[in-house]
Amino acid sequence: NGTTVIVECSQAPLEVDGRPIGTLLIARDITEHKNNSQPN
């Protein structure tokens, strides 16, 4: 719908037998938390 959101991202390498095969990326929507913690 085109709404802008604020996200917090974490990433970690994915490995098999010690070899990198990709990256795990987790993005969490923290828009509501961020909006509630800012002064008006």
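Observations, loosely collected:
- The number of residues in region 1-33 being basic (Lys, Arg) and in contact with an Asp or Glu (Cβ under 9 Å, 6 or more places away or on another chain) comes to 1.
- Flag if Val7 is at pLDDT 95 or above, surrounded by 10 or more Cβ atoms within 10 Å (Cβ to Cβ) and not polar (S, T, N, Q): yes
- Answer residue from region 23-37, given it is in a strand (DSSP E or B) and exposed (fewer than 10 other Cβ atoms within 10 Å of the Cβ) and is farthest from the chain's Cα centre (by Cα) among those: Thr23
- Annotation: Asn40 fulfils all but one of (1) modelled with pLDDT under 95; (2) surrounded by 10 or more Cβ atoms within 10 Å (Cβ to Cβ); the unmet one is (2).
The values are calculated or read from the model by the stated rules, or taken from the named source; none is laboratory data. What you see is a predicted model; the values in this text were computed from it and never measured. Cβ: placed from backbone, ideal geometry, glycine included. Neighbour counts: every protein chain shown.
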